[in-house]
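The block underneath contains the structure these notes are about, expressed in structure tokens.
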Amino acid sequence: MKPVRTLVGLTVAASAALLLGSNAAYAAGGQVDGSITVAGSTCTWTNASTSDVPPNTLTIDHTTVSASCGGSISASLGNDPSVTFDDSTGTATSPEIDVSATVAGISCGYQVTDLTVSRQSGTRTYTGGPYTAAKTSGSFLCPGSETVDSVSLTFH
């Protein structure tokens, strides 16, 4: 059960991190690197495409996020999350991030809603956590929710 829980957590985390993206054309956009930690396991990615650059509202193209996770876990983003920036408060928000994770052949889907991350001083790196991800699909072996310990996104 622990591997499934970790996988589900990584999936949710990856989804959260990816939610800071876009679903429009990506020709004039930027890129985002990210990491998500769930149950002590971390998934990371680099150079995912975004539809624009901060502080403009953007989306992350989920098809360009290639998460690398420790162990036998795989995770993928299930939507093109939109991200809105508020430079006066130093935050970035996304209304919804959908993530799928597979561990030992068991796939689970999760969703994080109303995700807010905080900008690190003088940078375009945003961090936050913990977040609760609700189960949206998968077998009875998938927990009903997972805790995403941390999310980090760096826009460039």
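The values are calculated or read from the model by the stated rules, or taken from the named source; none is laboratory data. Keep in mind that this is a model prediction, so the values were computed, not measured. Glycine gets a Cβ as well: all are built from the backbone with ideal geometry, and neighbour counts include every protein chain shown. Keep in mind that these areas ignore ligands, DNA and RNA; they rest on the heavy atoms of the full protein, side chains included. Shrake-Rupley method; radii C 1.70, N 1.55, O 1.52, S 1.80 Å.
Summary of computed values
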| read-out | value |
| --- | --- |
| Some residue of the stretch 64-75 being over 17 Å from Asp149 (Cα atoms), touching a Lys or Arg at 6+ places or on another chain (Cβ under 7 Å) and in contact (Cβ under 8 Å) with a residue 60 or more places away in the chain | no |
| Residue list for the stretch 91-122, restricted to those being in contact with a strand residue (DSSP E or B) (Cβ under 7 Å, 6 or more places away or on another chain) and open to solvent by less than 10 Å² (accessible area, probe 1.4 Å) | Ala92, Ser94, Ile97, Val99, Ala101, Cys108, Gly109, Tyr110, Val112, Leu115, Val117 |
| Unique residue being over 18 Å from Thr50 (Cβ atoms) and part of a strand (DSSP E or B) when the list is Cys142, Cys108 | Cys108 |
| Residues of the stretch 126-139 that turn out to be assigned to a loop (DSSP other than H, G, I, E, B) and open to solvent by less than 50 Å² (accessible area, probe 1.4 Å), as a count | 2 |
| Any hit, the stretch 12-33, residues being modelled with pLDDT of 50 or more, in a strand (DSSP E or B) and either of a type in the set (D, E, K, R) or closer than 20 Å to Ala133 by Cα (or both) | yes |
| Residue match in the stretch 67-84 (condition: open to solvent by less than 30 Å² (accessible area, probe 1.4 Å) and hydroxyl-bearing (Ser, Thr, Tyr)) | no |
| Qualifying residue in the stretch 49-64 (condition: closer than 30 Å to Gly105 by Cβ and assigned to a loop (DSSP other than H, G, I, E, B)) | yes |
| Residue list for the stretch 69-95, filter: modelled with pLDDT of 95 or more and assigned to a strand (DSSP E or B) | Ser82, Val83, Thr84, Phe85, Asp86, Thr91, Ala92, Thr93, Ser94, Pro95 |
